[in-house]
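Before any comments, here is the structure.
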Amino acid sequence: MSNVIHLNVPSHRLGHPARRAALMASFAQSRRFGDDVFWLKENAELLNILECTGLALDDGALSVHEGFYAQIEKRLGFFPQYYRFLLSICLDLEDLGMPGAKGEALAHWIAREGLADAELSDLQRAEARRLMLRRGVDPLPEDTGLTERLHGFMDRSETFAMPNKKAAYELTHIVFYLSEYGRRDPGLSPAAIRSLEFAGILAYLDQNSDLLAEICIALRYAGAEPSVIWEGWLERETHRFQVQTGPQVSTQDDYHDYFVCNWLMATAGRDAFVKEAAPERMGFFRADPYAAPLREMSECMFRMEDNRSGDWQAMRTVIKQSLSEIGNDILTEAEQSTDLFDAFFAGFARTGLRGVAL
């Protein structure tokens, strides 16, 4: 993958604003209720995507959130533990055009209350800082090393050559926060780009479209061009989602996967959220994925014990013999998607404890 000078600065695009308004109405009014943390999570995610991509909305689309916005101070006062969700929703509504200017006052209150000081995770501290700086408030002025610690985490590429979804999602979110969702260069090192590519190989081998879409977005925000194999597959997966409507539809669905795949489509300049939508209860279901080879590869390597090697060219035939036909096809595509596959496999093999006296 080549580095390119390209940031996806949000711009208002022509599209299907009525469908997006229906999507907003469904999540605001028909799936969950406003004091449910999952309502906060879903709506914060959707509004964030709409705000950072600049996708056009119908006039009046924000009206479904007027009641919530009017009461947001009361919710923050009673649910301060959800301050990041609540502030994110408030800021995105205002930046999308909701009349009002509550975000700055809420940010100052959160800073005075020291809510960000209760965060143990650097990732959550980074999110809090990014949110509040949108209104000129730094909640952690004394933490001058936060950004450096985040870069240190990203630069350790070995972490991302092994299956660890939590670490991979944290990697992408760090890029989102440092880049201000595509508005500035996050300053990633070659090692951090390598980390994203390693994580992307694993996500492709696992056929995890949710994670791979986030990785492709992060690469674009970092000024790198994602693999055409990855993005081509993700575009096909986006079109394969099924949208169901009706009061009986389950909300234990794949909505986040649907959101992130469409976020990537918008970020890459493709049509996004083109599925039919209605302002009622909706569920979003990914088509059955193909049999991913990642687990089979791991099991094959584990069974080999001391006979396994970090040399992909030496191990290639053995591993391919252990896979199904579809698994072999996916593995071949993963090899072709990047010039870092051999380097990735050296870490994936996990041969480092050999010869260590325990």
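General remarks:
- The single condition from (1) surrounded by 14 or more Cβ atoms within 10 Å (Cβ to Cβ); (2) modelled with pLDDT of 95 or more that SER309 fails is (2).
- Some residue of region 278-293 being over 29 Å from GLU42 (Cα atoms) and not acidic (Asp, Glu): yes
- Residues of region 221-266 classified as without any contact (Cβ under 8 Å) to a residue 60 or more places away in the chain and either outside any helix (DSSP H, G or I) or polar (S, T, N, Q) (or both), total: 15
- Leading residue by the ranking (nearest to ALA128 (Cα to Cα)) among those in region 53-102 that are part of a helix (DSSP H, G or I) and polar (S, T, N, Q): SER88
- Residue count for region 177-205, restricted to those that are in a loop (DSSP other than H, G, I, E, B), within 16 Å of the chain's Cα centre (by Cα) and among the acidic types (Asp, Glu): 1
- Of all the criteria given as (1) in contact with a Gly (Cβ under 8 Å, 6 or more places away or on another chain); (2) at pLDDT 95 or above; (3) surrounded by fewer than 20 Cβ atoms within 10 Å (Cβ to Cβ); (4) more than 30 Å from SER324 (Cβ to Cβ), the one not satisfied by ALA268 is (1).
- One residue from ALA167, ALA118, ALA128 being out of contact with any Cys (no Cβ under 8 Å at 6 or more places or on another chain), crowded, with 17+ Cβ neighbours inside 10 Å and at pLDDT 95 or above: ALA128
- Qualifying residues in region 49-101 (those that are closer than 19 Å to TRP263 by Cβ and of a type in the set (Gly, Ala, Ser)) - the one surrounded by the most Cβ atoms within 10 Å (Cβ to Cβ): SER88
The values are calculated or read from the model by the stated rules, or taken from the named source; none is laboratory data. All values derive from a computational prediction rather than experimental measurement. Backbone-built Cβ (ideal geometry, glycine too); neighbour counts: all protein chains shown.
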